[in-house]
1. How much length is gained if the chain between F110 and K332 is pulled fully straight, taking 0.36 nm per residue apart and subtracting their Cα-Cα distance, in nm to one decimal?
2. Any idea how far the Cα center of the range 244-268 sits from the one of the range 115-160, in Å?
3. Could you list which residues have their amide H under 5 Å from that of A83, counting only those 5 or more apart in sequence or on another chain, with H placed in the peptide plane?
4. Taking just the alpha-carbon atoms of the range 271-319, what radius of gyration and Dmax come out, in angstrom?
5. If one puts a single equal scatterer on every Cα of the range 95-245 and applies the Debye formula without solvent, what log₁₀ I(q)/I(0) results at q = 0.09, 0.14, 0.21 Å⁻¹?
6. What share of the DSSP beta bridges in the chain is antiparallel, in percent to the nearest 5?
7. Just the Cα atoms of the range 237-334, one point each, no solvent: what log10 I(q)/I(0) does Debye give at q = 0.13, 0.21 Å⁻¹?
8. I'm checking a number: the convex hull volume of the Cα atoms of the range 190-306, normalised per residue, in Å³. What is it?
Amino acid sequence: MEKINAVITGVGGYVPDYILNNEEISRMVDTSDEWIMTRIGVKERRILNEEGLGTSYMARKAAKQLMQRTGSSPDEIDLVIVATSTPDYPFPSVASILCDKLGLKNAFAFDMQAACCGFLYLLETAASFIRSGRYKKIIIVGADKMTAITDYTDRTTCPIFGDGAGACMVEATTEDMGILDAALRTDGKGLPFLHMKAGGSVCPPSYFTIDNRMHYIYQEGRTVFKYAVSNMSDISAEIAERNHLTKEDTDWIIPHQANMRILDAVANRMEVPIEKIMINIHRYGNTSAATLPLCLWDFEDKLKKGDNLIFTAFGAGFTWGAVYVKWGYDGKKW
Ligand code: UT7
């Protein structure tokens with residue numbers, strides 16, 4: 001029997017229209033465009049500010065575009081997996097809402113929680129379902145409405161985050177390409193450094209949790225920064241080495257867009273020029289699980305069949321990893 005690989009066959013994306021720039025942030029908290037640009041590298045971010053709309057709205061827009069670009073009919077889809085830390089509701093899943101909105105009748109669907117590393121875990125999970133031979137066409141979506149959990153009185157976190165969604169179609173192929181290798185890690189010791197204090201089962205919502213602003217992102221930035229740089233760099237080098245990818249063979253590195261200084265550090269460690277790093281942090285900020293597919297969405301026209309891509313990310317948990325993908329088609333699909 002021929003080996004089945006899992007290949008990305010299309011990309012869709014969505015970012016809200018409203019642009020929150022550094023000038024507007026500087027009117028909310030004591031900061032400046034200069035500080036945000038030098039310490040983080042975000043110029044502006046997109047904000048889903050219409051009342052009553054949540055993560056599934058953006059996920060649906062991205063997935064609809066994906067289905068249209070790949071010419072997929074709803075009946076063909078076997079599985080939908082959404083990575084998010086900001087679901088519309090604690091339950092049911094965003095993925096189940098998507099099934100309804102996209103008119104999928106033959107799919108099962110679930111959400112995955114791996115914070116900013118979600119899209120990496122999605123790639124490996126979808127690839128495993130495809131390699132099993134039982135599933136042929138899978139939609140994966142990284143989507144987050146980070147502004148729903150961002151404290152706009154906290155200058156150490158509010159300039160960082162934005163909203164968005166990116167989606168990919170993953171399908172079976174017998175060609176030697178697609179999602180070829182993954183090195184994924186989780187270490188729960190990261191909990192104290194990056195989490196949301198209330199709203200879960202340990203500390204359900206109450207007047208106390210609201211009064212004490214416990215429903216927002218809590219981050220010890222310096223510690224997270226150090227772990228992010230070393231873990232993303234080490235694991236990217238590991239996956240390159242074990243797949244015999246030299247820096248010349250590596251066409252693109254697609255890193256989680258958390259901080260421009262982290263992207264520079266990963267480029268240095270991998271000894272690849274910055275032109276080979278996909279960067280859109282200045283336009284969208286950190287959209288958590290959406291950063292990696294939104295990079296593909298922005299850079300799709302530059303990609304060629306056979307390009308070697310290394311995705312890498314680091315997030316709450318801690319979660320981190322790297323995924324090696326041999327790209328499956330030329331240019332942009334409309
Ligand atoms: O996506 C999940 C993974 N997350 C990450 O990878 C994020 C990793 N961490 C980071 O990106 C950075 O640590 C931050 C962007 C969060 C913070 O940058 P930093 O250079 O590590 O700043 P810091 O926390 O060490 O703070 C340096 C100074 C402090 O002042 P003092 O104590 O030295 O007087 C802060 O109060 O900068 C101050 N500061 C600010 N000043 C102006 C913090 N935020 C701001 C701000 N504007 N927005």
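1. Stretched out fully, the F110 to K332 stretch lengthens by 77.1 nm.
2. Their Cα centres are 19 Å away from one another.
3. M112, V141, G142, A143
4. That works out to 12.0, 34 Å for Rg and Dmax.
5. -0.41, -0.93, -1.40
6. On the way: 41 of 57 bridges.
Roughly 70 percent of the beta bridges in the chain run antiparallel, per DSSP.
7. One equal scatterer on each Cα of the range 237-334 leads to -0.42, -1.14.
8. About 141 Å³ per residue, rounded to a whole number.
A short reminder: the numbers here are calculations on the coordinates, not readings from a lab. These numbers come from a predicted model, not from an experiment. Here Cβ is always computed from backbone atoms with ideal geometry, including for glycine, and neighbour counts include all displayed protein chains.
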